[in-house]
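One structure below.
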Amino acid sequence: MIKISYSLLAISGIFLLCTVFATNTGLANGLVTGKVLWFHLAMLLLAACSLAAAVLTKPAKPFVFSVADGLVLVLAVIVALTYNRQLDPEPEKMLFGGQLVVLWFLLRFILTGWPQLQLFFLAVVVATGGIEAVSGMRQLHGFEGSNHSLFKLTGDFYNPGPYSGYLAIVLPVCLWMILRQTKIYLHYLGWIGLLAIIVVLPAGMSRTAWIAAAVSCGWVYWVQRIGWEKTKRYINGNRTLTIVSSILILISIAGSLAGIYLLKKDSANGRLLLWKITEQAIMEQPWTGTGLGGFPAAYAEAQAEYFTSGKASETEMMVAGCPEYGFNEFLQIGLEQGLVGLMVFVLLLSYSLFRGVKNRQVGAAGGILALMVFSLASYPLQLPEFWVVLVVLMGVADTTVPTDTPPTPSREGKRLLSVAVIGGMTVCCGWLFWQQKEYYKGYKKWNTMKMLYNSKAYEAAADGYEKLVPLMGHKPELLFETAQCLSKTERFAEANRLLERAMKLSADPMIHYMAAKNEQAQGNFLEAEYLLLHAIDILPERIYPYYLLTKLYTEPTFFQKDKFLKTADAVLKKEPKVESTAIREMRTEVKNMLNNIR
């Protein structure tokens with residue numbers, strides 16, 4: 001019975017951690033949606049196996065409610081209370097979050113009752129990192145295709161950024177396994193994973209991942225090999241050398257950071273502006289937050305307010321964008337869940353680090369630290385695989401080191417409560433899985449509609465898209481594509497009703513541009529002008545909205561020569577981020593308009 005329980009839990013754990021590999025080309029955005037759907041299926045398997053293990057075997061230790069458990073519940077309550085149910089921007093993330101809460105308590109039950117699985121789960125995490133590293137090497141050498149036309153290296157991700165971040169999180173776990181484990185197969189597994197990741201990580205060109213890997217690995221080595229007592233003794237015995245070494249180290253760090261900044265200067269300036277605007281948006285509603293999914297629209301409005309205030313520099317206006325994510329998970333959580341939600345999240349991660357060191361689970365703590373550092377300038381928690389790994393690492397960190405005492409078969413009545421609780425969580429997993437199943441059908445149909453959309457068969461696609469809107473209306477990309485089909489079939493008013501909702505879900509300026517063109521087609525010139533001017537407030541250096549305004553101001557019943565000349569001048573003189581054929585064509589057309597008017 002004991003072996004059966006271990007086998008069931010081990011197999012379901014492997015399935016869970018293989019979420020990183022799951023893709024489904026039959027679904028729209030299959031690289032992400034495939035992983036989400038795999039996770040829901042893996043959770044159903046994990047819950048069923050946990051229930052079977054609870055029935056078959058008495059756990060080595062009973063589950064005891066901890067501080068981390070309380071913080072997880074408090075964070076879940078904050079997310080639920082701040083969520084905008086009227087707009088309902090992220091119903092799938094709410095389902096995913098529910099599964100994460102269930103996963104946390106299932107792992108606490110499993111790792112407390114069968115503590116020998118802690119090391120097994122960490123070994124699987126290392127194995128997934130090693131497999132991803134090998135996949136990256138194959139992509140670099142042309143043996144395997146990447147998932148992005150502009151990058152050779154993506155692994156099972158869409159671009160090198162999150163791919164490198166995942167490897168950076170696994171790397172300190174590999175190092176800990178090398179330093180700590182005496183079991184030969186685990187020692188060599190750590191070496192294989194570490195060497196494979198070190199070979200491929202520089203090619204990802206992710207500065208944030210490099211910093212996360214260096215900080216977390218340095219911390220793991222210091223905790224495992226040096227420690228605070230040795231450090232104090234060394235400092236007290238070598239004060240002069242310590243001061244000189246500290247100064248040299250600080251100079252080296254400053255030089256490295258400057259080099260990393262200059263490596264992609266425009267990108268770094270864009271991040272700085274992004275964080276600055278996000279901080280201002282947080283101050284608009286610091287306690288209540290916007291709710292899950294509220295970041296894009298809140299950010300766009302805050303950026304428009306900042307640029308219209310006249311405080312922005314030329315550099316800031318040039319590097320500005322309207323991203324879907326905050327590229328700093330702590331700031332994004334602060335904006336969406338408020339400062340209280342952010343505080344609880346930081347406390348949860350900090351407590352997990354503390355428990356990881358106390359329980360001698362330094363590898364798991366190092367992985368958490370790497371994710372925290374990576375989250376300062378990227379968006380890992382917007383992708384499902386990072387949440388899965390984070391919850392597993394926190395579960396291991398919060399559990400004491402296993403003893404040699406195995407669980408014993410028993411049919412005692414004391415197990416009835418735990419069996420009932422696990423049974424309840426299994427039912428909850430099943431319900432969440434069933435809810436997500438409808439979205440699976442929606443993504444499958446959306447993928448079919450995309451083929452028609454990309455073939456410009458707008459009339460044929462419009463009907464199918466409209467049927468998807470009630471289910472998938474929380475996805476601004478789908479709303480945009482549906483509105484495009486309706487616009488092409490001259491159903492402008494219906495298209496703009498969808499675009500109005502899309503503006504509340506996304507900061508993409510193309511939504512404003514299309515809505516303005518639809519208003520212009522209906523003769524609503526003032527509404528079109530307002531939409532384009534607001535889009536310019538958000539992104540003042542984009543040339544396209546000025547081009548649309550020039551066309552608007554040449555309408556016979558809305559002709560305004562002064563405004564036309566001003567916007568035409570902007571089209572001809574503004575420096576584009578990237579020179580392209582489209583820019584040249586717009587300028588040629590505007591020159592012809594000027595000649596006609598003159």
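A few notes on this one:
- Percent accessible area from carbon and sulfur atoms, the chain, protein chains only, probe 1.4 Å: 64 percent
- FRET E, pair W431, S313, Förster distance 60 Å, beta-carbon r, rounded to 0.05: 0.70
- Judged by the gyration tensor of its Cα atoms, with axes a ≥ b ≥ c, the range 259-377 is oblate; a/c meets the 1.5 cut and b/c is at least as large as a/b.
- Rounded to the nearest whole Hz, the Karplus-based 3J(HN,Hα) values (6.51 cos²θ - 1.76 cosθ + 1.60, θ = phi - 60°) of the range 230-244 follow the sequence 4, 5, 5, 5, 5, 5, 5, x, 9, 5, 5, 4, 5, 5, 5, with x at glycine and proline.
- For the range 299-356: rounded, prolate or oblate by the Cα gyration tensor [a/c cutoff 1.5]: prolate
- Part-to-part distance (alpha-carbon centres) for the range 6-62 and the range 112-139, which is given in Å: 14 Å
- Computing FRET efficiency as 1/(1 + (r/R0)^6) for F65 and R225, where r is the C-beta to C-beta distance and R0 is 45 Å, gives about 0.85.
- Cα gyration tensor, the range 133-249 - rounded (a/c under 1.5), prolate or oblate: oblate
- Computed over protein heavy atoms with a 1.4 Å probe, the accessible surface of the chain works out to 46 Å² per residue.
- Estimated at 0.36 nm per residue, the fully extended path between M343 and D562 surpasses their Cα-Cα distance by 73.6 nm.
- The range 451-555: GluC sites (Glu not before Pro) falling in loop per DSSP and having at most 12 other Cβ within 10 Å: E490
- Qualifying chymotrypsin sites (Phe, Trp or Tyr not before Pro) in the range 30-92, DSSP loop, other Cβ atoms within 10 Å at most 12: F65
- Size descriptors for the range 461-598, from the alpha-carbon set: Rg then Dmax equal 15.9, 52 Å.
- Per-pair calculated FRET efficiency, R0 = 30 Å: E324 and R497 via Cβ, rounded to 0.05: 0.85
- In summary, the range 10-141 shows an alpha-carbon radius of gyration equal to 1.22 times the 2.2 N^0.38 Å reference for compact globular proteins.
- Hydrodynamic radius by Kirkwood, which averages 1/r over all alpha carbon pairs of the chain, in angstrom: 26.6 Å
The values are calculated or read from the model by the stated rules, or taken from the named source; none is laboratory data. Computed from a predicted structure; not experimentally measured. Neighbour counts are summed over all protein chains in view; Cβ atoms, including those assigned to glycine, are modelled from backbone coordinates with ideal geometry. Heads up: the accessible areas ignore ligands, DNA and RNA and are worked out on the full protein's heavy atoms, side chains in. Shrake-Rupley method; radii C 1.70, N 1.55, O 1.52, S 1.80 Å.
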